[in-house]
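The values are calculated or read from the model by the stated rules, or taken from the named source; none is laboratory data. This is a predicted model, so every value here is computed, not measured. Note: ideal-geometry Cβ built from the backbone for every residue, glycine included; neighbour counts use all protein chains shown. To get the accessible areas, we keep the full protein, side chains included, count just its heavy atoms, and leave off ligands, DNA and RNA. Shrake-Rupley method; radii C 1.70, N 1.55, O 1.52, S 1.80 Å.
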Amino acid sequence: MNTKLIQSWNRLESTFRCLFVVVLVLGIAFRFAFLAERPYWHDETYTLLRSSGHTIAEMTAQIFDGRLIDRSELLKFQQIVPEKTGLDMIRSLVTEESHRTPLYYAIARIWMIWFGSDVAVMRSLSALMSLLVFPALYWLCIELFAQPLTGWIAMMLVAVSPFHLHYAQEVREYALWTVTLLVMSAALLRAIRLQTKNAWILYSLSIFLSFYTFVLTIPITIGHFLYFFTLQSSRDTRKRRSFLKSFLLGLLTCLPWLFFILTHLPQVERNNAWMLQPTPIQVLLTSWVTSLQFGFLQENLTGSLKFVFAAAIALLVILAIRSLIKSPLKGAWFFVLMLILPSLFSFVIPDLIWGGLRSTNGRYFVPCYLGIQLAVAHLLATQIERHSNRLQQTHWKLVMFVIMTIGVLSCSAQIFQNQTSQDKSIANLVNRSNSPIIISNEISKEGGGTIGDILAVGHLLRPETKFELVIQPQVPSIPTQSDLYLLKPLTYLKQQIQQSYPVQAIYQDQLFRILPVQP
């Protein structure tokens, strides 16, 4: 493999090698740039909570009781403590978020034990994991297309993809899931090609690793099943038997966690109830346009420009899939579609039939982005290699260069834009006070509201900041001092406090100042 890799590298034009090195170095640099500048956000605080072995129920019972507590007492739920073990981490996920599988959280826990829970430290774990995407992607391209140039171009596309950059810098499982999906896909193709026991065992293991990274691996395994039985001859019973044994063994390892999900289904449904909010079709369409362009272009474009770029990207994707279908590669187009379609069917179709906003969350579409980028990489590689006409070659090289340039500019803009956030603005306002007290609330002892936001802001506040937290419908006693702030209050709490104290909005509808009563 190493010899073939070197040979394929040596066969590349010197200008392409220079472009590849520049793009890859920039992609790696982007992943590690300004990791500490963007503060933790709501979802990332839940990663720290789960990895450290705490639960929402325990947190609300201990500190959402109206007592005045120090910031350190709040943030202990974001840190490793001696009394919490790895089993507590598993228990936290099983009882409160069983739809999240534990592999990433276990790795994050070990990382926290070794290096602490500082934001740059934790984000560097995801950034390091994202680097494994490059060899895994090249391996998949070799197995799928037997065309090294496709692998080199695919790595460049992913290196400067704003979507992949975003999740490479987030303390969540999606960068690791990207790696395991690529490995699982490549392992299947390798097992089909080699037909050895070890190759099929590797495929079973890859299913296990990918599922225990993220549960939405299951739709992709169904895509693998359809791919295999659609393209493999019914006469080759030995190959079919080998696949079924490997496939079922991989799924068998998933059964324990699937059992946890089924036994905690009401909790899973409560956690994901936000997906069922009625959403106008125009909002869904706008979200899909944004998601489509996010694989190649920053997502915060507005107005007609967004739709122009989305149309151009859609045309590129259509041409790429059409080129794949027309290529002599047996089943490559079907394999790519089996990466793209399962996630679309799992989220887009339910939103269209029953309503909701499941399909507005790009993180669930990692396989779709990978499938699209594989198809585009194959199109560019095929067009560059196929044409002997220098003018046509130059045309497609220019297209590739433009795509890479847009990716670099988008990633650069994304890195700098991510340094600002609502939570940072809120914390800056509170930190101007000498002895601030934050008053806030949660909907219930099961969470589901502001806990993640309170934790995220807590990371940014000065150590002397205190908190007074309650559960609806409780109303806290108001301390007799001037530096009182109301953080993201539920309507009932704000109305109750307003009956006795003047309340001044100082940051949108997120932060309010409780003013002293004038005599």
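Does Thr60 satisfy the condition of being part of a helix (DSSP H, G or I), in contact with a helix residue (DSSP H, G or I) (Cβ under 9 Å, 6 or more places away or on another chain) and farther than 24 Å from Ser421 by Cα? Here the answer is yes, as Thr60 does meet what is asked. Taken together, Val517, Val475 contain a single residue that is of a type in the set (A, V, I, L, M), assigned to a loop (DSSP other than H, G, I, E, B), open to solvent by 30 Å² or more (accessible area, probe 1.4 Å) and modelled with pLDDT under 90, which is Val517. As for the range 67-84, it holds no residue that is under 22 Å from Ser126 (Cα atoms), assigned to a helix (DSSP H, G or I) and open to solvent by 50 Å² or more (accessible area, probe 1.4 Å).
When Leu398 is tested against the conditions (1) surrounded by fewer than 15 Cβ atoms within 10 Å (Cβ to Cβ); (2) at pLDDT below 90; (3) in a helix (DSSP H, G or I), the lone failure is (2). Does Arg358 count as modelled with pLDDT of 90 or more, open to solvent by 20 Å² or more (accessible area, probe 1.4 Å), among the charged types (D, E, K, R) and more than 25 Å from Glu37 (Cβ to Cβ)? Answer is yes for this residue. Has the range 341-360 got at least one residue that is under 25 Å from the mean Cα position of the chain (by Cα) and basic (Lys, Arg)? Yes, some residue in the range 341-360 is under 25 Å from the mean Cα position of the chain (by Cα) and basic (Lys, Arg).
Quick check, is Tyr40 in contact (Cβ under 8 Å) with a residue 12 or more places away in the chain, touching a His at 6+ places or on another chain (Cβ under 9 Å) and aromatic (Phe, Trp, Tyr)? Answer is yes for this residue. Residues in the range 335-355 that are touching a Phe, Trp or Tyr at 6+ places or on another chain (Cβ under 6 Å) and over 26 Å from Pro280 (Cβ atoms) were compared, and the one that is least open to solvent (accessible area, probe 1.4 Å) is Phe335.
Consider Gly447 carefully, then state whether it is in contact with a His (Cβ under 6 Å, 6 or more places away or on another chain) and either at pLDDT 95 or above or closer than 30 Å to Glu269 by Cβ (or both). Here the answer is no, as Gly447 does not meet what is asked. Just one of (1) of a type outside the set (D, E, K, R); (2) surrounded by fewer than 16 Cβ atoms within 10 Å (Cβ to Cβ); (3) out of contact with any strand residue (DSSP E or B) (no Cβ under 9 Å at 6 or more places or on another chain) fails for Ser421. It is (2).
A quick yes/no check of all residues on (1) hydrophobic (A, V, I, L, M, F, W, C); (2) more than 30 Å from Phe229 (Cβ to Cβ):
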{"position": "Leu276", "(1), (2)": "yes, yes"}
{"position": "Ser287", "(1), (2)": "no, yes"}
{"position": "Ser291", "(1), (2)": "no, yes"}
{"position": "Gln298", "(1), (2)": "no, yes"}
{"position": "Phe309", "(1), (2)": "yes, yes"}
{"position": "Phe335", "(1), (2)": "yes, no"}
{"position": "Ile353", "(1), (2)": "yes, no"}
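Is it the case that Ser291 is part of a helix (DSSP H, G or I) and within 24 Å of the chain's Cα centre (by Cα)? Here the answer is yes, as Ser291 does meet what is asked. If you go through the range 244-285 and keep only what is outside any helix (DSSP H, G or I) and surrounded by 17 or more Cβ atoms within 10 Å (Cβ to Cβ), you end up with His264, Thr279.
Quick check on the range 478-514: of everything there that is in a loop (DSSP other than H, G, I, E, B) and in contact (Cβ under 8 Å) with a residue 60 or more places away in the chain, which residue is nearest to Ala61 (Cα to Cα)? That would be Pro479. Looking only at residues that are part of a loop (DSSP other than H, G, I, E, B) and under 19 Å from the mean Cα position of the chain (by Cα) in the range 410-441, which one is farthest from Leu297 (Cα to Cα)? So, considering only residues that are part of a loop (DSSP other than H, G, I, E, B) and under 19 Å from the mean Cα position of the chain (by Cα), the one farthest from Leu297 (Cα to Cα) is Ser421.
Of the helices (runs of 4 or more DSSP H) that lie entirely inside the range 125-243, those containing 2 or more residues that are open to solvent by less than 10 Å² (accessible area, probe 1.4 Å) and over 22 Å from Leu258 (Cα atoms) span 133-145, 148-159, 162-168, 174-194. If you filter the range 112-124 down to residues that are surrounded by fewer than 19 Cβ atoms within 10 Å (Cβ to Cβ) and over 19 Å from the mean Cα position of the chain (by Cα), you find that the one that is nearest to Gly86 (Cα to Cα) is Ile113.
Filtered by the rule that a residue be loosely packed, with under 15 Cβ neighbours inside 10 Å, among the hydroxyl-bearing types (Ser, Thr, Tyr) and modelled with pLDDT of 90 or more, the range 478-499 gives Thr491, Tyr492.
When Gly458, Gly449 are screened for being surrounded by fewer than 21 Cβ atoms within 10 Å (Cβ to Cβ), more than 10 Å from Phe64 (Cβ to Cβ) and touching a residue at least 24 places away in the same chain (Cβ under 8 Å), only Gly449 passes. Does Pro328 meet the test of being of a type outside the set (Asp, Glu) and outside any loop (DSSP other than H, G, I, E, B)? For Pro328, the condition - of a type outside the set (Asp, Glu) and outside any loop (DSSP other than H, G, I, E, B) - is not met. Given the condition free of Cβ contacts under 8 Å to residues at least 24 places away in the same chain, assigned to a helix (DSSP H, G or I) and among the β-branched types (Val, Ile, Thr), answer yes or no: does some residue in the range 360-367 qualify? No, because not a single residue in the range 360-367 is free of Cβ contacts under 8 Å to residues at least 24 places away in the same chain, assigned to a helix (DSSP H, G or I) and among the β-branched types (Val, Ile, Thr). In the range 49-57 there is at least one residue that is in contact with a Gly (Cβ under 6 Å, 6 or more places away or on another chain) and either open to solvent by less than 40 Å² (accessible area, probe 1.4 Å) or assigned to a helix (DSSP H, G or I) (or both).
Within the range 17-30, the set of residues being closer than 20 Å to Trp139 by Cβ and either among the aromatic types (Phe, Trp, Tyr) or open to solvent by less than 30 Å² (accessible area, probe 1.4 Å) (or both) comprises Phe20, Val23, Gly27.
Table: residues versus (1) over 30 Å from Ala159 (Cβ atoms); (2) touching a residue at least 12 places away in the same chain (Cβ under 8 Å); (3) touching a Phe, Trp or Tyr at 6+ places or on another chain (Cβ under 6 Å); (4) among the aromatic types (Phe, Trp, Tyr).
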{"site": "Asn198", "(1), (2), (3), (4)": "yes, no, no, no"}
{"site": "Tyr203", "(1), (2), (3), (4)": "no, yes, no, yes"}
{"site": "Thr221", "(1), (2), (3), (4)": "no, yes, no, no"}
{"site": "His224", "(1), (2), (3), (4)": "no, yes, no, no"}
{"site": "Arg241", "(1), (2), (3), (4)": "yes, no, no, no"}
